[in-house]
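Shown next, in structure tokens, is the structure this report addresses.
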Amino acid sequence: MMRPSTYLIIGLAVLAGFGCRQKSTGTRSSAPPFETGGTITNLNGTATGKVWGVTIEVADTRGAETTLQFDGTVSGDLKYTDAKQTIVVGEVTIVLSKESTNPIALSINETSYGTIRVGDALSIDEAGQISVNGQSRTPK
């Protein structure tokens, strides 16, 4: 038979264990999605996909060939990422490039359109107008 002090010690240990638990919020932090791949599909005249966390939509593709090419190196630490993704949809060439601590540079058909961030949405409409997050972009 256990002594009452033993029950007290066991009870305190159990209570201390409950106090150490943390409530989960259901969200996890993760590194930005700088990977060597991405996805682009070209169906019904519109190319859509996601590359480096940027949603891409190119309208009026007329079923053109779509390619995705990666060059460079990626790192879990964004500061050490030196890479380029080239997306070709028919006559449209989109290049996303990331060099060390610089933001992601955006160029379309060899023309700079500034920078873009993970989570942004890039759209090229039937007339060739370029927008990021619904805001028109002009060459830089």
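Total residues in region 89-103 satisfying the condition of being in contact with an Asp or Glu (Cβ under 8 Å, 6 or more places away or on another chain), assigned to a loop (DSSP other than H, G, I, E, B) and under 19 Å from residue 49 (Cα atoms): the figure is 1. Within region 6-16, can one find any residue that is at pLDDT 60 or above and either more than 23 Å from residue 133 (Cβ to Cβ) or among the acidic types (Asp, Glu) (or both)? Checked against the condition, which is being at pLDDT 60 or above and either more than 23 Å from residue 133 (Cβ to Cβ) or among the acidic types (Asp, Glu) (or both), region 6-16 yields no hits at all. A single entry from 114, 45, 72 fulfils the requirement of being modelled with pLDDT of 85 or more and either aromatic (Phe, Trp, Tyr) or touching an Asp or Glu at 6+ places or on another chain (Cβ under 9 Å) (or both): 45. Of the residues making up region 117-129, those that are in contact with a Lys or Arg (Cβ under 9 Å, 6 or more places away or on another chain) and more than 11 Å from residue 56 (Cα to Cα) number 1.
From the list 119, 128, 63, the lone residue that is in contact (Cβ under 8 Å) with a residue 40 or more places away in the chain and part of a loop (DSSP other than H, G, I, E, B) is 119. For region 131-140, a residue qualifies if it is assigned to a loop (DSSP other than H, G, I, E, B) and over 19 Å from the mean Cα position of the chain (by Cα), and the qualifying residues are 137, 138, 139, 140. Just so you know, in region 85-113 the residues that are surrounded by fewer than 16 Cβ atoms within 10 Å (Cβ to Cβ) and without any contact (Cβ under 8 Å) to a residue 24 or more places away in the chain include one that is nearest to the chain's Cα centre (by Cα), and it is 103.
The values are calculated or read from the model by the stated rules, or taken from the named source; none is laboratory data. These numbers were taken from a predicted model, which means no experiment stands behind them. So basically every Cβ, Gly included, is an ideal-geometry build from the backbone, and we count neighbours across all protein chains shown.
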